[in-house]
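These notes concern the structure reproduced below.
The values are calculated or read from the model by the stated rules, or taken from the named source; none is laboratory data. On a predicted model such as this, the values are computed, not experimentally measured, just so you know. Note that we place each Cβ from the backbone using ideal geometry, even for glycine, and neighbour counts take in every protein chain shown. Keep in mind that these areas ignore ligands, DNA and RNA; they rest on the heavy atoms of the full protein, side chains included. Shrake-Rupley method; radii C 1.70, N 1.55, O 1.52, S 1.80 Å.
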Amino acid sequence: MKLLTFSVEGKARPGALKDERVVDLVAAGLPAGPHGGLIEIARGGDAMLERARKAMNDAKAKTYALADVKVLPPILRPSKIVAVGLNYIDHCKEAGLPVPPEPVLFSKFPSSICGPYDDLSWPPSVSKEVDYEVELGVVIGKAALNVAEKDALDYVMGYTVVNDVSARDQQFANAKQWDRSKSFDTFCPYGPYIVTRDEIPDPHGLQVRTVLNGKEMQNSNTRNLIFNVNQIIAYASQGTTLLPGDLIPTGTPFGVGFSRKPPVFLKDGDECVCEVEGIGSIRNRVRIRR
């Protein structure tokens, strides 16, 4: 099942995609979160997903053509975004950094979230070296604390596409501002859907790709993750409760802009497309604020 948050007439609501039409889950009696999104469905666990599945398959359900709605971020304000750095060996090599002995975690502020087709926008005063990073995103489906690796996928609601947009001049400056460099407004576009885990029983064989202005920049597979999804969830949940709706971008492969010669940074007017096999793609235009 592909779940999404969409708006019609300016009002956000949760939905499910079926045959290029969006089933209105609120009209089917399912709850909307405080921002109109999928958070209450995430909190409802497998029972709520089964209700959504029944609504999606109801021939009398209220639907809209996908082309007639605005697709928003699936969950607008998760409690946290726990991202993973340096999680592909080829990316470690291009960054000139050693392969880490355990997952490297950092945060992206929830206010950095934007929609799968929204503009990426920032004032040039905060960065002149903004980079793309395609990543498989994991959305947590039930509270996870001290989870064992073998059980970790049981805590997953589904999977999504994330662009971990990064201001490299902030990230690599003297203070090494990882959180700040990755948390400016619009620096976490994701979506367009959450694909439920039953459709992707093994997330470790998915192609991930970035295309910038029609040119392929990144192309790899999640089988190349240094720490797989089970290991990431188990590690991140040790001592910290992961909550339903929390987003985990799992790391980016080789091909980012800062490591290229010459470097390639996002500029006004660029179109950046990030895609993950079996989920879909997000497409964001760059609009530098003046």
Among the residues of region 104-126, the number that are assigned to a loop (DSSP other than H, G, I, E, B) and either of a type outside the set (S, T, N, Q) or in contact with a helix residue (DSSP H, G or I) (Cβ under 9 Å, 6 or more places away or on another chain) (or both) is 10
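Against the definition (within 21 Å of residue 94 (Cβ to Cβ) and over 17 Å from the mean Cα position of the chain (by Cα)), how does residue 171 come out, yes or no?
Working: within 21 Å of residue 94 (Cβ to Cβ): yes; over 17 Å from the mean Cα position of the chain (by Cα): yes.
It is true that residue 171 is within 21 Å of residue 94 (Cβ to Cβ) and over 17 Å from the mean Cα position of the chain (by Cα).
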Picked from region 169-185 (must be farther than 20 Å from residue 209 by Cα and basic (Lys, Arg)), the residue modelled with the lowest pLDDT is 176
The strands (runs of 3 or more DSSP E) lying entirely within region 179-290 that contain at least 2 residues which are of a type in the set (D, E, K, R) are 215-221, 271-276, 280-285
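With open to solvent by 10 Å² or more (accessible area, probe 1.4 Å) and hydrophobic (A, V, I, L, M, F, W, C) as the only criterion, which of 144, 175, 152 stands out? Full working, then the answer.
Values: 144 fails: open to solvent by 10 Å² or more (accessible area, probe 1.4 Å); 152 fails: open to solvent by 10 Å² or more (accessible area, probe 1.4 Å).
Among 144, 175, 152, only 175 is open to solvent by 10 Å² or more (accessible area, probe 1.4 Å) and hydrophobic (A, V, I, L, M, F, W, C).
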Screening 264, 256 for residues that are open to solvent by less than 10 Å² (accessible area, probe 1.4 Å) and either aliphatic (A, V, I, L, M) or modelled with pLDDT under 95 (or both) leaves only 256
Just one listed residue, out of 228, 213, is under 19 Å from the mean Cα position of the chain (by Cα), in contact (Cβ under 8 Å) with a residue 12 or more places away in the chain and surrounded by fewer than 23 Cβ atoms within 10 Å (Cβ to Cβ), and it is 228
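Go through 191, 245, 251 for me and flag whichever is open to solvent by less than 10 Å² (accessible area, probe 1.4 Å), under 15 Å from the mean Cα position of the chain (by Cα), over 29 Å from residue 169 (Cα atoms) and among the small types (Gly, Ala, Ser). Let's see the steps before the verdict.
On the way: 191 fails: over 29 Å from residue 169 (Cα atoms); 251 fails: over 29 Å from residue 169 (Cα atoms).
Criteria check complete, one pass: 245.
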Within region 5-48, of all residues that are of a type in the set (D, E, K, R) and more than 18 Å from residue 243 (Cβ to Cβ), the one farthest from the chain's Cα centre (by Cα) is 9
Here the qualifying pairs (Cβ atoms under 7 Å; residues six or more apart or on different chains; first in region 151-170 and part of a strand (DSSP E or B); second among the acidic types (Asp, Glu) and modelled with pLDDT of 95 or more) come out as 161/275; 162/135; 163/133; 166/131; 166/133; 167/129
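Let me confirm something: among 80, 108, which residue is of a type in the set (Lys, Arg) and either touching a His at 6+ places or on another chain (Cβ under 7 Å) or open to solvent by less than 20 Å² (accessible area, probe 1.4 Å) (or both)?
Working: 80 fails: either touching a His at 6+ places or on another chain (Cβ under 7 Å) or open to solvent by less than 20 Å² (accessible area, probe 1.4 Å) (or both).
The match here is 108.
Within region 90-104, restricting attention to residues that are of a type outside the set (Asp, Glu) and open to solvent by less than 70 Å² (accessible area, probe 1.4 Å), which residue is farthest from the chain's Cα centre (by Cα)?
Residues of region 90-104 of a type outside the set (Asp, Glu): 91-93, 95-101, 103-104.
Restricting the remaining residues to those that are open to solvent by less than 70 Å² (accessible area, probe 1.4 Å) gives 91-92, 95-96, 100, 103-104.
Values: 91: 19, 92: 21, 95: 22, 96: 26, 100: 23, 103: 18, 104: 17 Å.
Step by step, filter region 90-104, then rank; the result is 96.
From 158, 115, which residue is crowded, with 24+ Cβ neighbours inside 10 Å, among the small types (Gly, Ala, Ser) and at pLDDT 95 or above? Walk me through it before giving the result.
Details: 115 fails: crowded, with 24+ Cβ neighbours inside 10 Å.
Among 158, 115, only 158 is crowded, with 24+ Cβ neighbours inside 10 Å, among the small types (Gly, Ala, Ser) and at pLDDT 95 or above.
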Over region 1-57, the set of residues modelled with pLDDT under 95, out of contact with any helix residue (DSSP H, G or I) (no Cβ under 8 Å at 6 or more places or on another chain), open to solvent by 20 Å² or more (accessible area, probe 1.4 Å) and more than 22 Å from residue 278 (Cβ to Cβ) is 9, 10, 11, 34, 35
